Amino acid sequence: MDWITNYKIPVGDASEAAVNWLTDNASGFFDLLADALDGLIGGVEAGLEGLGPIVTTLLFIVLTWILQRSWKKCIVVALGMLFILNQGYWDRTIETLTLILVSCIVCMGIGIPIGILAARRKWVYSALEPVLDLMQTLPTFVYLIPAVIFFGLGQVPGLIATMIFAIPAPIRLTYLGISSTPVALNEAATAFGATPMQRLIKVEIPSAFPQIMVGLNQTIMLSLSMVVIATLVGAGGLGQPVLNGLNRMKPDLGFESGFVIVALATVLRIMLEVRKK
């Protein structure tokens, strides 16, 4: 069977050539993108740090009440935030929360329009589907390599890797929601003279809103699952003590930060889950 490897498809060589070409010809674009993302990360992090732990906890509780109208869920959110404070991981949590928020802003800002376009043009989704499958199945460490080459170490390559992994969720779920809009609703809107844009804003998006919110929820969960991997390239956050616990064989560090990650995930999931009518 050695003859098969003699005619190996040059996947690795082609990938290296592509990365080298981008490094040589698009370095200005990557520098500009890195500066923009770095500024966005810095602004969000400064805002969260400026609020302080007490105000941030109260804000999360108020948002939970506004979105969920459940005092039981407000109590769970309060307990989760107090647990994070109690364990002494507030600063690390802010770093992780910043990456999650920025990832959500970018992923939803890109994913929702692409999902709408894919729902309107089926050939777009047919072309996108294998790309989205590749983004979610290719091991994260693989596209972390060019991210570090293009952007260096720090929060930006961790954010890029997180966005690549998370962005298929809002695209797929927005596409599903818009495509699942009842035909009768669209026909009624058209019969009353609605333009395609009016139909989108007043009929399709409200109908797809539960799926869009699920896409946001999934984006948050997928972003959280990347915190340890992002730490490997200098992103910091709650993944850092997990990595330190592994390197030093200290289970206390690993379990403390692990349960804090679970608490943060629970708080965010409860806040943004779709409320049953």
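The values are calculated or read from the model by the stated rules, or taken from the named source; none is laboratory data. Bear in mind that the values here come from a model prediction, so they are computed numbers and not experimental data. In this analysis, Cβ positions are derived from the backbone assuming ideal geometry, glycine residues included, and neighbour counts consider all displayed protein chains. Side chains included, ligands, DNA and RNA excluded: accessible areas come from the protein's heavy atoms. Shrake-Rupley method; radii C 1.70, N 1.55, O 1.52, S 1.80 Å.
Descriptive notes on the structure:
- A simple count of charges around ALA208, restricted to other residues whose Cβ falls under 13 Å of its Cβ and scoring Lys, Arg +1 and Asp, Glu -1, yields +3.
- Set against the labelled values (1) 66, 65, 40; (2) 68, 43, 28; (3) 64, 59, 41, Cα extents along the principal axes in Å computed from this structure falls on (3).
- Packing-based ranking, highest mean first, of 26-35, 79-88, 254-263, 154-163 given that Cβ atoms within 10 Å are counted: 154-163, 254-263, 79-88, 26-35
- If you take the alpha carbon atoms of region 1-104 and fit the smallest convex hull around them, that volume is 207 Å³ per residue.
- For peptides 113-124, 95-106, 207-218, sequence by mean Cβ density within 10 Å, most packed first: 95-106, 207-218, 113-124
- Accessible area per residue, Å², the chain with all protein chains present, probe 1.4 Å: 54 Å²
- A Gaussian network model of the chain, with springs between Cα atoms under 10 Å, assigns the largest mean-square fluctuation among THR140, THR23, THR195 to THR195.
- Neighbours of THR181 by Cβ distance under 14 Å: Lys/Arg scored +1, Asp/Glu scored -1, total +1.
- Protection-proxy order for peptides 170-180, 10-20, each taking the mean of Cβ atoms within 10 Å per residue, highest first: 170-180, 10-20
- The chain, accessible surface, carbon-and-sulfur percent (1.4 angstrom probe): 69 percent
- Restricted to Cα atoms, region 20-81 shows a radius of gyration and a Dmax of 19.2, 56 angstrom.
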